[in-house]
Amino acid sequence: MKHKSNDVKRFQRFATVVLSILAVLTLLPILLIAIASVTDEKVLVSTGYTFLPSKLSLDSYYYMVKQSAMILRSYGVTITVTVLGTLGSVMLTTTLAYPLSRTDFKYKNLLSFFVFFTMLFSGGVVSSYIMWTRIFSIKNTLWALIVPNYLVTAFNVFLVRNYYANSIPHALVESAQIDGAGEMQIFLRIMLPLAIPTVATISLFTGLIYWNDWVNGLYYISDAKLFSLQNLLIRIMNNIQFLKVSTNMALLGTQKIDLPGSSVRMAMAMIGILPIMILFPFVQKYFIKGVVLGAVKG
Amino acid sequence: MQKRRKKRLAKTGPLLLIAAPGLLYLLINNYLPMFGVFLAFKDFNYIKGIFGSDWNGLENFRFLFRTRDAWIMTRNTLLYNAAFIVIGTVVAIFVAILIYELGKKRRVRLFQSALMLPNLFSWVVIGFIVYAFLNADTGFINNTVLKALHITPISWYSTTGPWPFLLVLVYLWKFTGYLSIVYVASIAGIDKSVYEAAQLDGASKIQQIMRVTVPLLKPTIILMTLMAVGRIFYSDFGLFYQVPQNSGRLFDVTQTIDTYVYRGLMELNDVGMSAAAALYQSVVGFMLVLGANTLVRKLDHENALF
């Protein structure tokens, strides 16, 4: 018996060591850009990005906050798009899922297939692009960052539909009907509030998709005023001077620091991931639940 | 009869109305582009427009498959996906077993969080992180690692050799934590009495893992693999576009169908050819999903998509 528990303990020790190494290897790249973002620009030019720079500086963050109206603006675009996109997605997804969960709904199967088929076949990005730009003239509007691709996915619809169908007793709907409630009332007063756990999960995933999205911006946005943070990052990767050209004219004459290009690059990447890293520990539980649900019934 | 019918309709109306906005969205976002695939058979001209452009039959396809591009992008898409499926699965199962065997809840949470973090970042940010390591002037590898080893700096973004390895590494970095979650859940679902029986027979921990855990994971592995095979004609646009910084010198090893379609449409303005490549992807992809699902249904009816 003693031998057995030694065996288990030894394996646990082995697992802890290996996972610690993997965790450190996973986090090191993030640490590198975190340190790079607070490294003095002159040090960066001479020694490159390192884990142990000889001089630290907050110039890049100072520059972002004080001197680049463009960075702040792009941050605003990202926040707006994330909030509106997530709200819109939750509204459209939950309303579509509710009728599909009702066994007494005549078109349940037909419409479920209509939703499902979008998982099997897609028209591809070319016709989608031509449609959004030629028919809906979506280019260089805020809508372009919100509407195409992400608002309703079959996957989310089925996630919510299954929750309605399996976790909310049908008797609740029936008794509300007897009390004379209309379908809209039943949806708003009973079904939606009871589905909060699933709504939280899909909001989390959808919010992350909008926060991180750069593809819609790449296709549909060329006007720098509508750049999200991700799209601004793409632009400055090739040309960091882009930030300078468009710096707010009103700031001319105030005390200015030179553009610390190499560190600002990494500082902008940092502000793109900081909110995620801060929020993640609090939502990790829902996130893991969502991943498992998705894999089991994908 | 008449009355019942009326009641039925009254019920259908409001429910249809509630579903309408979501259905309308799918109709526009997903179904309209499906009808738009006819663009692949046209010589698209921006002035003549969608319907005004001239038909040119299979000319776009003939042209596409005559180029070397068609072969390169198909090869890259398939080979990278195959590498991701095989290596990704092995690493994810290895990590999942370690995580599960830890036993201590707090440590499990800590390690899972750390390993999953890169999965939450956009490909743009990941492109920046890779750039911090690889760029010629200020990159960590050239300035610190290679300098210490007295190796001459490498121009990473124009040297094709290391990229297959780099892309697999970046893929593993981003997805291992995420993929292992599924396997942890699957291991947790294994009946504990099987382990007790193995223990009574004197099986060591390693033997239990190799003889009990891994064989019992087989259904999950097959299911996950088949689902990945169904998507083998699609690649992660961000991984192949943002991580190599859209570098033209690397196209031989980074061009996939998705990057080709994007470049054709947005950089070369060749709508016809791009639409042909997109339709090629849609049709083959559709057949692969159907095929994979047929196999899943044969093996494990429960988990089939349809």
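The values are calculated or read from the model by the stated rules, or taken from the named source; none is laboratory data. No experiment lies behind these values; they were computed from the predicted model shown. Neighbour counts are summed over all protein chains in view; Cβ atoms, including those assigned to glycine, are modelled from backbone coordinates with ideal geometry.
Among the residues of the range A:148-167, the one identified as among the hydrophobic types (A, V, I, L, M, F, W, C) and free of Cβ contacts under 8 Å to residues at least 40 places away in the same chain is A:Ala154. The residue of the range B:170-203 that is nearest to the other protein chains (Cβ to nearest Cβ), among those that are touching a Lys or Arg at 6+ places or on another chain (Cβ under 8 Å) and in a helix (DSSP H, G or I), is B:Gln199. The combined condition, being more than 7 Å from chain A (Cβ to nearest Cβ), in a helix (DSSP H, G or I), in contact (Cβ under 8 Å) with a residue 12 or more places away in the chain and crowded, with 22+ Cβ neighbours inside 10 Å, is not fulfilled by B:Val124. Here B:Asp137 meets each of (1) at the interface with chain A (Cβ under 8 Å from one of its Cβ atoms); (2) over 29 Å from B:Ser235 (Cβ atoms); (3) at pLDDT 90 or above with one exception, condition (3). Close contacts from the range A:7-26, counting a first residue that is within 30 Å of B:Ile129 (Cβ to Cβ) and a second that is among the acidic types (Asp, Glu) and surrounded by 14 or more Cβ atoms within 10 Å (Cβ to Cβ), with Cβ to Cβ under 8 Å and a gap of 6+ residues or different chains, come to A:Ala15/B:Glu101.
Only one entry of B:Phe63, B:Phe44 meets the criterion of being away from chain A (no Cβ under 14 Å), over 30 Å from B:Leu226 (Cβ atoms) and touching a residue at least 60 places away in the same chain (Cβ under 8 Å), and that entry is B:Phe63.
The set of residues in the range B:45-55 being over 18 Å from A:Ser137 (Cα atoms) and either surrounded by 15 or more Cβ atoms within 10 Å (Cβ to Cβ) or aliphatic (A, V, I, L, M) (or both) consists of B:Ser53 alone. Count of the range B:96-107 residues, restricted to those that are closer than 20 Å to B:Ile206 by Cα and part of a helix (DSSP H, G or I), is 7. When B:Asn269, B:Asn246, B:Asn293 are checked against the criterion of being surrounded by fewer than 21 Cβ atoms within 10 Å (Cβ to Cβ), facing chain A (nearest Cβ under 9 Å) and not in a helix (DSSP H, G or I), a single residue qualifies: B:Asn246.
Of all residues in the range B:44-56, exactly one satisfies the criterion of being within 18 Å of A:Gly124 (Cα to Cα) and in contact with a Ser or Thr (Cβ under 6 Å, 6 or more places away or on another chain), namely B:Phe44. Looking across the range B:111-121, the residues that are surrounded by 20 or more Cβ atoms within 10 Å (Cβ to Cβ) and of a type outside the set (A, V, I, L, M) come down to B:Phe111, B:Gln112, B:Pro118, B:Phe121.
For (1) more than 27 Å from B:Val170 (Cα to Cα); (2) in contact (Cβ under 8 Å) with a residue 12 or more places away in the chain, each residue gets a yes or a no:
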position	(1), (2)
A:Ile35	no, yes
A:Leu84	yes, yes
A:Leu100	yes, yes
A:Asp104	yes, no
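All of A:Leu226, A:Leu218 fail the test of being farther than 30 Å from A:Lys285 by Cα and away from chain B (no Cβ under 12 Å), apart from A:Leu226. Out of A:Ser112, A:Ser137, A:Ser122, one residue alone is more than 9 Å from chain B (Cβ to nearest Cβ), at pLDDT below 95 and part of a loop (DSSP other than H, G, I, E, B). It is A:Ser137. Inspect the range A:168-184 for any residue being modelled with pLDDT of 90 or more, assigned to a helix (DSSP H, G or I) and of a type outside the set (A, V, I, L, M) and give the result as yes or no. No, because not a single residue in the range A:168-184 is modelled with pLDDT of 90 or more, assigned to a helix (DSSP H, G or I) and of a type outside the set (A, V, I, L, M).
Flag: B:Tyr25 matches the condition of being surrounded by 14 or more Cβ atoms within 10 Å (Cβ to Cβ), among the hydroxyl-bearing types (Ser, Thr, Tyr) and more than 27 Å from B:Phe175 (Cβ to Cβ). Taking the listed residues A:Val90, A:Val17, A:Val24, A:Val38, the one that is under 23 Å from the mean Cα position of the chain (by Cα), more than 7 Å from every other protein chain (Cβ to nearest Cβ) and aliphatic (A, V, I, L, M) is A:Val90, with no other qualifying.
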